[in-house]
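Worksheet: one structure, shown below.
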Amino acid sequence: MAEHRKVSVVIIARDEERDLPRAIHSAGWADEVVVVDSGSTDGTVVAARELGARVLERAWTGFVDQKNFGAAQATHDWIFSLDADEACSPELAAEIARWRGADRPERGFRIPRLAFFAGRWIRHTDWYPDHQLRLYHRAAGRWGARRVHESVAVEGLVGAFEHPIHHYPYADMGEYFRKLGAYADLAARDLRERGRRASAFQVASRPIAAFIKSYLLKRGFLDGGPGLLVAGMSAVSTFCRYARLYELGVRREE
(Lines give C-alpha, C1' and ligand atoms only; values in the text may rest on other atoms or scores of the structure.)
Protein backbone atom coordinates (compact mmCIF):
# COMPACT_ATOMS: atom_id res chain seq x y z
CA MET A 1 0.00 0.00 0.00
CA ALA A 2 1.46 3.37 -1.01
CA GLU A 3 1.98 6.02 1.63
CA HIS A 4 -0.74 8.67 1.67
CA ARG A 5 1.01 11.75 0.33
CA LYS A 6 0.49 15.02 2.20
CA VAL A 7 0.13 18.17 0.10
CA SER A 8 0.60 21.87 0.87
CA VAL A 9 -1.31 24.31 -1.32
CA VAL A 10 0.68 27.53 -1.81
CA ILE A 11 -0.96 30.76 -2.98
CA ILE A 12 0.75 34.11 -3.49
CA ALA A 13 -1.46 37.15 -3.07
CA ARG A 14 -1.72 40.91 -2.93
CA ASP A 15 -5.07 42.67 -2.68
CA GLU A 16 -6.99 39.51 -3.60
CA GLU A 17 -9.91 39.86 -1.19
CA ARG A 18 -12.41 39.20 -3.99
CA ASP A 19 -10.91 35.99 -5.39
CA LEU A 20 -8.83 34.43 -2.61
CA PRO A 21 -11.71 32.89 -0.59
CA ARG A 22 -12.79 30.88 -3.65
CA ALA A 23 -9.24 29.56 -4.09
CA ILE A 24 -8.93 28.58 -0.43
CA HIS A 25 -12.35 26.92 -0.33
CA SER A 26 -11.41 24.84 -3.38
CA ALA A 27 -8.31 23.59 -1.55
CA GLY A 28 -10.26 22.11 1.36
CA TRP A 29 -8.86 18.68 0.47
CA ALA A 30 -5.27 19.78 1.18
CA ASP A 31 -3.32 19.14 4.39
CA GLU A 32 -2.30 22.79 4.54
CA VAL A 33 -2.92 26.09 2.73
CA VAL A 34 -0.11 28.65 2.79
CA VAL A 35 -0.76 32.21 1.60
CA VAL A 36 2.26 34.42 0.89
CA ASP A 37 0.97 37.99 1.08
CA SER A 38 2.99 40.92 -0.22
CA GLY A 39 1.51 43.99 1.41
CA SER A 40 -2.23 43.76 0.81
CA THR A 41 -4.19 46.85 1.78
CA ASP A 42 -7.63 45.23 1.56
CA GLY A 43 -9.08 42.31 3.53
CA THR A 44 -6.90 39.61 1.96
CA VAL A 45 -4.95 38.68 5.09
CA VAL A 46 -8.00 38.68 7.37
CA ALA A 47 -9.98 36.55 4.91
CA ALA A 48 -7.15 34.04 4.52
CA ARG A 49 -6.73 33.59 8.26
CA GLU A 50 -10.46 33.30 8.87
CA LEU A 51 -10.54 30.46 6.33
CA GLY A 52 -7.75 28.59 8.13
CA ALA A 53 -4.79 29.40 5.88
CA ARG A 54 -1.33 30.00 7.28
CA VAL A 55 -0.36 33.52 6.19
CA LEU A 56 3.24 34.60 5.62
CA GLU A 57 3.75 38.33 5.01
CA ARG A 58 6.70 39.25 2.81
CA ALA A 59 7.71 42.19 0.62
CA TRP A 60 7.15 41.62 -3.11
CA THR A 61 10.25 40.24 -4.85
CA GLY A 62 8.66 38.91 -8.05
CA PHE A 63 6.37 36.03 -9.01
CA VAL A 64 9.12 33.42 -9.11
CA ASP A 65 10.76 34.35 -5.83
CA GLN A 66 7.45 34.56 -3.98
CA LYS A 67 6.40 31.10 -5.17
CA ASN A 68 9.76 29.51 -4.34
CA PHE A 69 9.63 31.12 -0.90
CA GLY A 70 6.14 29.75 -0.27
CA ALA A 71 7.19 26.25 -1.32
CA ALA A 72 10.24 26.40 0.97
CA GLN A 73 8.09 27.44 3.94
CA ALA A 74 5.43 24.79 3.41
CA THR A 75 5.12 21.96 5.91
CA HIS A 76 4.85 19.17 3.33
CA ASP A 77 7.10 18.19 0.43
CA TRP A 78 4.37 17.93 -2.18
CA ILE A 79 3.39 21.41 -3.37
CA PHE A 80 0.25 22.37 -5.24
CA SER A 81 0.69 25.92 -6.54
CA LEU A 82 -2.58 27.77 -6.98
CA ASP A 83 -3.02 31.40 -8.04
CA ALA A 84 -5.46 33.59 -6.14
CA ASP A 85 -7.70 33.90 -9.21
CA GLU A 86 -7.89 30.12 -9.65
CA ALA A 87 -9.74 27.23 -8.02
CA CYS A 88 -9.19 23.50 -7.88
CA SER A 89 -12.17 21.93 -9.63
CA PRO A 90 -14.02 19.20 -7.67
CA GLU A 91 -13.09 16.68 -10.36
CA LEU A 92 -9.41 17.59 -10.05
CA ALA A 93 -9.61 17.32 -6.25
CA ALA A 94 -11.00 13.79 -6.63
CA GLU A 95 -8.25 12.91 -9.11
CA ILE A 96 -5.58 14.18 -6.72
CA ALA A 97 -7.17 12.19 -3.89
CA ARG A 98 -6.78 8.99 -5.93
CA TRP A 99 -3.15 9.86 -6.70
CA ARG A 100 -2.34 10.53 -3.05
CA GLY A 101 -2.92 6.89 -2.18
CA ALA A 102 -1.46 5.36 -5.35
CA ASP A 103 2.03 4.01 -5.98
CA ARG A 104 3.19 6.30 -8.83
CA PRO A 105 6.75 7.42 -9.74
CA GLU A 106 6.08 10.95 -11.08
CA ARG A 107 7.77 13.95 -9.49
CA GLY A 108 5.44 16.51 -11.00
CA PHE A 109 2.14 16.80 -12.83
CA ARG A 110 0.80 19.04 -15.57
CA ILE A 111 -2.79 20.10 -15.20
CA PRO A 112 -5.09 21.71 -17.79
CA ARG A 113 -6.49 25.14 -16.96
CA LEU A 114 -10.01 26.15 -17.96
CA ALA A 115 -10.86 29.86 -17.92
CA PHE A 116 -14.21 31.50 -17.20
CA PHE A 117 -14.67 34.81 -18.99
CA ALA A 118 -17.56 36.95 -20.24
CA GLY A 119 -20.13 34.58 -18.79
CA ARG A 120 -18.87 31.24 -20.09
CA TRP A 121 -16.11 28.65 -19.91
CA ILE A 122 -13.60 29.17 -22.72
CA ARG A 123 -13.00 25.70 -24.18
CA HIS A 124 -11.10 26.79 -27.30
CA THR A 125 -8.75 29.66 -28.30
CA ASP A 126 -5.17 29.64 -27.04
CA TRP A 127 -6.53 29.79 -23.48
CA TYR A 128 -7.33 26.06 -23.45
CA PRO A 129 -6.10 23.54 -22.47
CA ASP A 130 -3.20 25.75 -21.24
CA HIS A 131 -1.42 22.96 -19.32
CA GLN A 132 0.38 24.11 -16.20
CA LEU A 133 2.85 22.17 -14.05
CA ARG A 134 1.41 22.90 -10.62
CA LEU A 135 1.76 19.78 -8.47
CA TYR A 136 5.35 18.81 -7.74
CA HIS A 137 7.76 17.49 -5.15
CA ARG A 138 9.81 20.42 -3.94
CA ALA A 139 13.02 18.38 -3.85
CA ALA A 140 12.66 17.90 -7.61
CA GLY A 141 11.04 21.15 -8.75
CA ARG A 142 11.70 24.86 -8.66
CA TRP A 143 10.09 27.89 -10.28
CA GLY A 144 12.10 29.33 -13.17
CA ALA A 145 13.54 32.76 -13.74
CA ARG A 146 10.94 34.49 -15.92
CA ARG A 147 9.31 37.66 -14.62
CA VAL A 148 5.86 36.63 -15.87
CA HIS A 149 4.24 33.38 -17.10
CA GLU A 150 6.63 31.62 -14.76
CA SER A 151 6.82 27.82 -14.69
CA VAL A 152 8.23 24.94 -12.66
CA ALA A 153 11.19 22.91 -13.90
CA VAL A 154 11.10 19.36 -12.51
CA GLU A 155 13.88 16.80 -12.46
CA GLY A 156 12.35 13.40 -13.04
CA LEU A 157 9.23 11.93 -14.53
CA VAL A 158 6.34 14.33 -15.19
CA GLY A 159 2.79 13.07 -15.50
CA ALA A 160 -0.54 14.71 -16.25
CA PHE A 161 -3.98 14.97 -14.71
CA GLU A 162 -7.13 15.03 -16.80
CA HIS A 163 -9.34 17.46 -14.92
CA PRO A 164 -8.73 21.21 -14.79
CA ILE A 165 -7.84 24.05 -12.57
CA HIS A 166 -10.57 26.68 -12.95
CA HIS A 167 -9.24 30.12 -13.84
CA TYR A 168 -11.04 33.45 -13.43
CA PRO A 169 -8.52 35.81 -15.08
CA TYR A 170 -10.52 39.03 -15.49
CA ALA A 171 -13.77 40.26 -14.02
CA ASP A 172 -14.29 42.36 -17.15
CA MET A 173 -12.45 44.05 -20.01
CA GLY A 174 -11.57 46.97 -17.76
CA GLU A 175 -9.53 44.73 -15.50
CA TYR A 176 -7.80 43.24 -18.54
CA PHE A 177 -6.71 46.68 -19.75
CA ARG A 178 -5.58 47.72 -16.27
CA LYS A 179 -3.21 44.73 -16.11
CA LEU A 180 -2.11 44.84 -19.75
CA GLY A 181 0.71 47.36 -19.55
CA ALA A 182 2.49 45.79 -16.59
CA TYR A 183 2.36 42.26 -18.01
CA ALA A 184 3.47 43.41 -21.48
CA ASP A 185 6.47 45.18 -19.98
CA LEU A 186 7.52 42.15 -17.91
CA ALA A 187 7.12 39.79 -20.88
CA ALA A 188 9.10 42.11 -23.17
CA ARG A 189 11.93 42.35 -20.67
CA ASP A 190 12.05 38.57 -20.40
CA LEU A 191 12.26 38.29 -24.18
CA ARG A 192 14.99 40.92 -24.30
CA GLU A 193 17.07 39.10 -21.71
CA ARG A 194 16.80 35.90 -23.76
CA GLY A 195 18.26 37.71 -26.76
CA ARG A 196 15.04 38.37 -28.64
CA ARG A 197 14.58 41.51 -30.74
CA ALA A 198 11.52 42.98 -32.45
CA SER A 199 11.33 44.62 -35.86
CA ALA A 200 8.62 47.01 -36.97
CA PHE A 201 7.31 44.24 -39.22
CA GLN A 202 6.93 41.92 -36.23
CA VAL A 203 5.11 44.59 -34.26
CA ALA A 204 2.58 44.77 -37.12
CA SER A 205 2.38 41.09 -38.07
CA ARG A 206 2.56 39.20 -34.77
CA PRO A 207 -0.82 40.48 -33.49
CA ILE A 208 -2.52 39.40 -36.72
CA ALA A 209 -0.97 35.95 -36.44
CA ALA A 210 -2.04 35.73 -32.78
CA PHE A 211 -5.64 36.51 -33.68
CA ILE A 212 -5.72 33.97 -36.51
CA LYS A 213 -4.23 31.28 -34.28
CA SER A 214 -6.65 31.89 -31.42
CA TYR A 215 -9.85 32.46 -33.37
CA LEU A 216 -9.41 30.17 -36.38
CA LEU A 217 -6.71 27.57 -35.75
CA LYS A 218 -7.65 27.08 -32.09
CA ARG A 219 -11.36 27.35 -33.02
CA GLY A 220 -12.17 30.30 -30.78
CA PHE A 221 -15.23 30.94 -32.95
CA LEU A 222 -16.85 27.94 -31.23
CA ASP A 223 -16.88 29.96 -28.00
CA GLY A 224 -19.12 32.60 -29.57
CA GLY A 225 -18.72 36.25 -28.65
CA PRO A 226 -16.41 35.56 -25.69
CA GLY A 227 -14.14 33.57 -28.05
CA LEU A 228 -13.92 36.62 -30.31
CA LEU A 229 -13.03 38.79 -27.32
CA VAL A 230 -10.31 36.38 -26.20
CA ALA A 231 -8.79 36.26 -29.70
CA GLY A 232 -8.85 40.05 -29.83
CA MET A 233 -7.22 40.25 -26.40
CA SER A 234 -4.51 37.89 -27.61
CA ALA A 235 -3.83 40.21 -30.54
CA VAL A 236 -3.75 43.33 -28.33
CA SER A 237 -1.48 41.68 -25.75
CA THR A 238 0.88 40.51 -28.50
CA PHE A 239 1.01 43.99 -30.01
CA CYS A 240 1.82 45.59 -26.64
CA ARG A 241 4.49 42.98 -25.87
CA TYR A 242 6.29 43.37 -29.20
CA ALA A 243 5.86 47.14 -29.27
CA ARG A 244 7.53 47.30 -25.85
CA LEU A 245 10.29 44.94 -27.02
CA TYR A 246 10.83 47.13 -30.09
CA GLU A 247 10.98 50.21 -27.85
CA LEU A 248 13.56 48.57 -25.57
CA GLY A 249 15.73 47.87 -28.61
CA VAL A 250 15.47 51.46 -29.88
CA ARG A 251 16.41 52.85 -26.48
CA ARG A 252 19.36 50.48 -26.23
CA GLU A 253 20.69 51.79 -29.54
CA GLU A 254 20.38 55.49 -28.61
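The values are calculated or read from the model by the stated rules, or taken from the named source; none is laboratory data. Predicted model only: the values in this text are computed from it and were never measured. With ideal geometry, Cβ positions are generated from the backbone for all residues, glycine too; neighbour counts draw on all protein chains shown. These accessible areas exclude ligands, DNA and RNA; they are computed on the full protein's heavy atoms, side chains included. Shrake-Rupley method; radii C 1.70, N 1.55, O 1.52, S 1.80 Å.
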Q) Any chance region 220-230 includes a residue that's aliphatic (A, V, I, L, M) and closer than 30 Å to H25 by Cα? A) yes
Q. Is it true that some residue in region 20-35 is open to solvent by less than 20 Å² (accessible area, probe 1.4 Å), closer than 21 Å to A140 by Cβ and β-branched (V, I, T)?
A. yes
Q: For region 79-87, state whether one or more residues are over 17 Å from the mean Cα position of the chain (by Cα) and on the phi < 0 side of the Ramachandran plot.
A: no
**Q.** Residue list for region 70-92, filter: under 15 Å from R113 (Cα atoms) and open to solvent by 20 Å² or more (accessible area, probe 1.4 Å)
**A.** D83, D85, P90, E91
Q: Evaluate the following for L222: is it modelled with pLDDT of 95 or more, under 15 Å from the mean Cα position of the chain (by Cα) and hydrophobic (A, V, I, L, M, F, W, C)?
A: no
Q) Are any residues in region 114-148 surrounded by 18 or more Cβ atoms within 10 Å (Cβ to Cβ), small (G, A, S) and over 16 Å from A87 (Cα atoms), and if so, which ones? A) G141
**Q.** Output for region 182-198, where each listed residue is small (G, A, S) and either on the phi > 0 side of the Ramachandran plot or open to solvent by 50 Å² or more (accessible area, probe 1.4 Å) (or both)
**A.** A182, G195
Q) Out of curiosity, is G62 within 15 Å of the chain's Cα centre (by Cα) and surrounded by fewer than 18 Cβ atoms within 10 Å (Cβ to Cβ)? A) yes
Q: Go through P226, P207 for me and flag whichever is of a type outside the set (G, A, S) and buried (at least 21 other Cβ atoms within 10 Å of the Cβ).
A: P207
Q: May I ask you to list pairs of residues, at least six apart or on different chains, whose Cβ atoms are under 8 Å apart, with the first in region 40-61 being closer than 14 Å to R18 by Cβ and the second being small (G, A, S)?
A: S40/A13; T44/A13; A48/A13
Q) Of all the residues that make up region 143-160, how many are of a type in the set (D, E, K, R) and at pLDDT 95 or above? A) 1
Q: Would you check if F239 is over 22 Å from R120 (Cα atoms) and in contact with a Pro (Cβ under 8 Å, 6 or more places away or on another chain)?
A: yes
Q. Pick from L245, L180, L217: which is out of contact with any Pro (no Cβ under 7 Å at 6 or more places or on another chain) and free of Cβ contacts under 8 Å to residues at least 24 places away in the same chain?
A. L217
